[in-house]
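Taking it in order: structure first as structure tokens, then the write-up.
The values are calculated or read from the model by the stated rules, or taken from the named source; none is laboratory data. These figures come from a predicted structure and were not determined experimentally. Cβ placement follows ideal geometry from the backbone for every residue including glycine, while neighbour counts extend to all protein chains displayed. Keep in mind that these areas ignore ligands, DNA and RNA; they rest on the heavy atoms of the full protein, side chains included. Shrake-Rupley method; radii C 1.70, N 1.55, O 1.52, S 1.80 Å.
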2 protein chains.
Amino acid sequence: MYSVFMSTPERLIESTRELLWERGYVGTSPKAIQQHAGAGQGSMYHHFAGKPDLALAAIRRTAEEMRATADAVLGGDGSAYARIESYLLRERDVLKGCPVGRLTMDPDVIASDELRAPVTETLDWLRDRIAGIVEEGRSQGEFTDALVPQDIASTVVATVQGGYVLARSSGSPAAFDTAVRGLLALLAAARTPPARS
Amino acid sequence: MYSVFMSTPERLIESTRELLWERGYVGTSPKAIQQHAGAGQGSMYHHFAGKPDLALAAIRRTAEEMRATADAVLGGDGSAYARIESYLLRERDVLKGCPVGRLTMDPDVIASDELRAPVTETLDWLRDRIAGIVEEGRSQGEFTDALVPQDIASTVVATVQGGYVLARSSGSPAAFDTAVRGLLALLAAARTPPARS
DNA sequence: GTCTATATCCCGATAGAC
DNA sequence: GTCTATCGGGATATAGAC
């Protein structure tokens, strides 16, 4: 399943990431992880204390990767609107859902402060990052002063997370795109008339 | 757990609804349902073919209830904006998430056409219902013609679904409210200047 | 580090007595 | 309609050999 040059702990973490994404924490068993990683029972428990420990390593890595990806897009060139647009239109595995956001629906993740922490931190970071861009756009006169950066940023993040829900419900990525199109139209309407990019 | 006047099948369905809401399909076992309902093993399998059969009855009822609740709010008085605002601000058990939307993150629900159908139908119905209101607002000159009803309606539904994600991530209903506030500000900006309610 | 064996419990269901 | 018994398998480890 993985390159022979990848160490056993590494294969275990990567396997856990994929299974958490596909089936969630509750739906992922140690046995399934071992089979996916091509590792034995004893091997897994030698490197990790148990399922929660391994899941924590996997979730942390997924969270970090998501922050890096988002930061690269949001830190690009262009107006505030353009950068938010880039983020909203970036390529996504829409039907698989958000590997971080989906964990909020996992009762065992939410019940554990340790497992939930990377999720909270990542979504908070993303919202603040976008809020900063909205604030920039506002001070440049691109957006109306009426917009509250934190509120708009929350709406942007929520639309993406909810877009995944609509896509998975309908079985088509188009539902995600439709929600994003609506948000972009609303954001465009909130731009001040003079300055267009 | 329930009134003695509720029949066993009824208690089983209601218990399943609550457990599906709290723990999802994968995280809900027949045994847990039986204990919650105060019913025995044999009793459950007498009234229902198995876990999927019982879950289907529970999901259908939850979906129907959600449509009725939403329809009551969306069919109220006032401008298009006012009715969408009422929907967005209606009371919710925010930290528990959406009992319908959360099912889209359940791999076994998505894998089953029968179990997924009520979810798809409900979210589609909701989007169309809201799109009709946006269309009304547009033809009344309340909203810019630039708004595409289906797109805006998808954004509204997505913001709500994503709002649940943000709330559960942060452990506070306030995150939901923030996203809604942002959306309402954007919708307000898309209203045509002359007609205000 | 990795393997197999073992343990205890739960899962989802069936069978048949009452 | 409800109960208990039973089933084959999986969940989540621990123990100890190699």
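Quick notes on this structure:
- Tabulated pairs, the range A:128-140, first more than 14 Å from residue A:86 (Cβ to Cβ), second of a type in the set (S, T, N, Q), C-beta under 7 angstrom, 6+ apart or interchain: A:131/A:150
- Just one of the listed residues (B:56, B:19) is away from DNA strand D (no atom under 16 Å from the Cβ), surrounded by 15 or more Cβ atoms within 10 Å (Cβ to Cβ) and without any contact (Cβ under 8 Å) to a residue 40 or more places away in the chain, and it is B:19.
- Residues of the range A:35-58 satisfying the condition of being within 11 Å of residue A:15 (Cβ to Cβ), near DNA strand C (Cβ under 10 Å from one of its atoms) and not aliphatic (A, V, I, L, M): A:38
- Qualifying residue in the range A:127-146 (condition: at positive phi, out of contact with any helix residue (DSSP H, G or I) (no Cβ under 6 Å at 6 or more places or on another chain) and facing chain B (nearest Cβ under 8 Å)): no
- Checking each residue in the range B:99-114 for being in contact (Cβ under 8 Å) with a residue 12 or more places away in the chain and more than 21 Å from residue A:19 (Cβ to Cβ) picks out B:99, B:100, B:101, B:114.
- Checking each residue in the range B:22-34 for being free of Cβ contacts under 8 Å to residues at least 24 places away in the same chain and more than 9 Å from DNA strand C (Cβ to nearest atom) picks out B:23, B:34.
- Scanning the range A:59-82 for residues that are under 16 Å from the mean Cα position of the chain (by Cα), hydrophobic (A, V, I, L, M, F, W, C) and open to solvent by 20 Å² or more (accessible area, probe 1.4 Å) yields A:66, A:68, A:72, A:73.
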